[in-house]
Each structure stands twice: as C-alpha cells, then as structure tokens.
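Read through the structure below, which is laid out as structure tokens, and then see the notes.
Please treat every number below as a calculation from the coordinates, not as lab data. As the structure is a computational prediction, the values presented were derived from the model and not from experiment. Ideal geometry is used to build each Cβ from the backbone, glycine not excepted, and the neighbour counts take in all protein chains shown.
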Amino acid sequence: MLKKIFISAVLLIAVLSFVVSLLGGNNNNEPKVAVGDRVAVINIIGPIVDGASVEQTLLGGTQAATSGQLMKEIRDAAADSSVKALVLHINSPGGSVTAAEEVGRELERFKETTKKPIVTSMGDQAASAAYWLASYSDVIYANSSTLTGSIGVYMPYMNVEDLYKKIGVYTGKIKSGPHKDILSPDREMTAEEREILQGIVNQLYDEFIAVVANGRKMGLTAAKWILPPCVLWQTAGFIPANRRSSWALLMK
C-alpha cells in the first residue's frame, strides 16, 4: 500500500513539473534584458595603505583600503563601457603617501582615457591622503559634519635610547655611510639628519599641494594660502565641511 502511494506521489510531481515547464518554459523569442548605463562606486574605507589586498594588511581586524585593490577597481571601471561615471565613497583618516600616489595616478589615467567624470562623496572623514584622492574628482560632496582637509605630511620617529640604557641594553652597528641608520630609534637624531628628513617631508607636501591645486583649479600660491599645512590628527588641522574656509576643498 505504501509503495503504491509513493509511486503515485512521484508520478504526480513529474506531471506537475511537466505542466509548469510548458506554461513557463524558456521562450527564445523573448527579448533579453539589456544592461543600461551604470555608475561605478569605489569604497575607500579606513586607512589607505600600500598592498595588494585587504587580507594582507589587516591589523587586529581594522578595515583598510589597499592601493592594489583600489587600482584594480578603477581599471575595471575604465574597461567597462557601460560605466558612465565613477563615484568615490570616502570615509578615511588618510594614510600612506605612496599608496595615495599610486591610486591617484590610476584616477588620473581613468580621466584621461575615458573622459568620464569622477565624483567624491565624503562620509565622516576624508582627510590627508584621503583628500589627496578626492582632489582628482570633478565634484566633491560632503556632509556638514564631515571632517576634511588636514593637507600635510608628517614622518613619525621614536627615540628609545634612554629606555635601553635603563634596562641595560646596548646596540651597536657597522654601517656603510653616516646616514645609513637614519631614523634609528636607539640614538638621537643629528641636526643634519633632521634637515635631510625635513627636506623630504617638504617635498612631499609640495607634491600634495600641487595635486590639490590642480584638482581644485587654483594656483599653487592660492592653494598654500587657503590650505595651510596641517598635522594629521591635530584637531586644528581638520576643517568641518560647514566652515567657510572649507569651501575651496569642496567646490568644483
């Protein structure tokens, strides 16, 4: 009895499946849905770092935007003919100068080769290297509470020489030149070394200002006057988007 019920159920399912296939089966004459114009959105979330993928640069679970991944997404957008504009959604405190340079060159290449607009949408913050990337946009949008600006460069270093002495640690080195161990934490920086490093920082700052000036369509003198150098994470270095002095950062 159970066997007959099972066979009947299987036959019923087969018949129903056949009927459904007849009613809603494939119709080759039906027009296919065409893919229309699209906007590519690239998320730049967290510190901007040099690297190929997020997995390689996560520190303690912190989200990061890697130059390799961002460059790939920009190239993909450039190669897609259905993409008519590129949107950068930025919520980042900044990051590596090298990473910003790499991604910036890719954005510049996108504009030159595709002639398509780039629009930036700022979240909570878009500071320092994050604003470097935003500068390549044709239009920048921000909330009144967005923290932006902090246009400047800094080079961190530490000196643990006294700590080493306190715990009885001595470090020595044999080097090929007087500045080979520049930024070494086990000794005090010399005046000459400080001058060398300050020159590097100044050069990077000039490059930063040039990128901003070119993107915001203003001269270098005007850019330096409107956008004075600011130290990252210094409260005075950030400009809320509703401040009058920040208009130059957001205007086309």
(Q) Taking 8 Å as the Cα distance limit and 6 or more residues as the minimum spacing, I'd like the relative contact order of the stretch 88-171 as a percentage. (A) 31
Q: Pop a pseudo-label 7 angstrom from the Cα along the beta-carbon direction at both Lys84 and Leu163 and give the gap in nm to one decimal.
A: 5.7
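Sorting check: for 124-133, 205-214, 93-102, which peptide has the highest mean count of neighbouring beta carbons within 10 Å, and how do the rest follow? Display every interim value, and only then the final one.
On the way: 124-133: 26.2, 205-214: 18.1, 93-102: 20.6.
The packing order, highest mean first, is 124-133, 93-102, 205-214.
Considering only the other residues whose Cβ falls under 13 Å of the Cβ of Ser81, what net charge follows from Lys and Arg at +1 and Asp and Glu at -1?
Values: positive: Arg38, Lys84, Lys115, Lys116; negative: Asp37, Asp76, Asp80.
That works out to +1.
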Q) Given a Förster distance of 35 angstrom, what is the FRET efficiency for Ile182 paired with Ala210, based on the Cβ-Cβ distance and rounded to 0.05? A) 0.85
Q) To the nearest 0.05, what FRET efficiency results for Lys175 and Leu220 with a Förster distance of 30 Å applied to their C-beta separation? A) 0.20
Q: Pop the C-beta distance of Ala191 and Ser144 into the FRET formula with R0 = 41 Å and round what comes out to the nearest 0.05.
A: 0.35
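What's the ranking of 160-171, 70-81 by average number of surrounding C-beta atoms within 10 Å, highest first? Don't skip to the answer; put the middle values down first.
Numbers: 160-171: 10.7, 70-81: 16.0.
Result, highest mean Cβ count within 10 Å first: 70-81, 160-171.
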